[in-house]
Each structure stands twice: as structure tokens, then as C-alpha cells.
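Peer 1: Got a structure for you, written out below as C-alpha cells; questions coming shortly.
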Amino acid sequence: MHRGDLIAVLVGLALVVVLTAALSPPARSPVQVPATLPPTTVRVTPVTPVPITPGETVTPGVPETTPFPVKRIVYTTNYALLPVRYLPNDMAIYGFSDAQWKYTTAVPFAFVEENHGGITETFTVPYAIWRMVATVNAERTPEKATFRMVLIDEESGRIVEGAEIHFPGTVTKTVVVAGRPLYMVIETEDVDSFIITLETPSELIK
């Protein structure tokens, strides 16, 4: 072999060694996993409860204090034998609120408070003059709210008084009937709640 050929072979072997060393991946050290993880501290901020002071529940539209207990009139389920169970077709004949209350005082003695229509139990009012103040609340759809009510003499079936309210509002009706068994037929549409307060002048309270 010629000397030039020998030198070429040696140079080739050296190149192979250099390339092999460059391309081989370096040895990796093993990953050390701790046997136990260090504890994590969670900070909890204490919350101070807000004190709630109990208060009295007052019925809307009814004063907190009256000379005597105010009776709540509720709906009845025994209405099958009542003479009138439906509203008349024409409620417009009952008009708007009556003339201004000519008395200087008005003391509540009973009320109806509901969020839907129905027929009340029978009740008797001992006062010669009294009034019904109906207040309608409708916050969800006030433009659709409708409230209708008639006061009926149970024995004769005669409609003593009636009221109709469109939209939220208040209507007042004066009644001059005493000692008769009465009840109300009430119909509501899109009304959140209503209250009918029965009031009489303090001069008539014994």
C-alpha cells in the first residue's frame, strides 16, 4: 500500500470516530423523586357573621297598631252553595274610586291579602259606614295587570259593590251595609300581589 493511501485510510477512520462521538446522545442522570412531598399550607381567612336583628312583620297597608286586632279574611273552599261565584261581564258599571272620604280618620279592622284570585269566606261588618281600599302590586308585567272584585250579599246574592283596576294602583269603595253576611269574588291577571283593607271611621268604633 502506498503511503498516500495509508494516510487517506487513517484520515477516514478519524472522521468516523469524530462523527460517532458527536451524534451519540449524552448519558442522562436518573430523575430524583422525593419520597414525600413537602406539606402545603392553606390560609383560611375567618369570616365574621353579620348579626341579623329580628324585626316585626307588618302587613302592607295595615298600620302596626290598631285599637283592636285586625282580622285577616281568607279564601274558602266551600263556595259551591254561594249564590254568585263569577264576576259580571261588565265591570265598568262600578266606575272608579268613590268620592273623597269625608271622615278625618280611617281605622282598619280587616283585610284580604293574596297573590291570586278566589272567593273569600263569609264575614259580617258591624259598622254602618266603612270602605274597602284595594291596592294592586305588579312589578313583573305591570302593563298586563288586571284586578277585579265584587262584594256580594250572601243571603240575597246582590252585588253590593265592585272594583276594577288596570295596571298597579289603588281604588277605594265606600260601603253602607252593616250586619249582613258578605263575601268577595276576586279575579286577577298578571298581578304579583294585592291587599284589600277594610276601614271604618274611628267615631264608629265602640
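Read-outs: derived from the displayed coordinates by stated rules, not from any lab. Computed from a predicted model, the values in this text were never measured in an experiment. Neighbour counts are summed over all protein chains in view; Cβ atoms, including those assigned to glycine, are modelled from backbone coordinates with ideal geometry.
Peer 1: Taking neighbour Cβ counts within 10 Å as the exposure measure, how do ILE93, ILE152, ILE159 sort from fewest upward?
Peer 2: Ascending number of Cβ neighbours within 10 Å: ILE93, ILE159, ILE152.
Peer 1: What is the sum of charges around LEU182, taking Lys and Arg as +1, Asp and Glu as -1, for the other residues whose C-beta is under 9 Å from the C-beta of LEU182?
Peer 2: With Lys, Arg at +1 and Asp, Glu at -1, the neighbours total -1.
Peer 1: So, one more: Straight-line reach from LYS71: which lysines have a Cα under 20 Å away, not including same-chain ones fewer than 8 places off?
Peer 2: Straight-distance partners of LYS71: LYS173, LYS206.
Peer 1: Mind listing which trypsin sites (Lys or Arg not before Pro) in the stretch 117-167 are in a DSSP loop and have 13 or fewer other Cβ atoms within 10 Å?
Peer 2: Loop-located and lightly packed - ARG140, ARG158.
Peer 1: Something else about it: From the phi angles alone, apply the Karplus equation (6.51, -1.76, 1.60; θ = phi - 60°) to the stretch 141-146 and give each ³J(HN,Hα) in whole Hz, x where the residue is Gly or Pro.
Peer 2: 9, x, 6, 9, 5, 9
Peer 1: What residues qualify as long-range amide H neighbours of VAL191, i.e. H under 5 Å apart, gap of 5 or more or another chain, H built at 1.01 Å from N?
Peer 2: Long-range HN contacts for VAL191: THR146.
Peer 1: Taking the Cβ of GLU114 as the centre, find all other residues whose Cβ is under 12 Å away and add up their charges (Lys, Arg: +1; Asp, Glu: -1).
Peer 2: Spelling it out: positives minus negatives among the neighbours equals -2.
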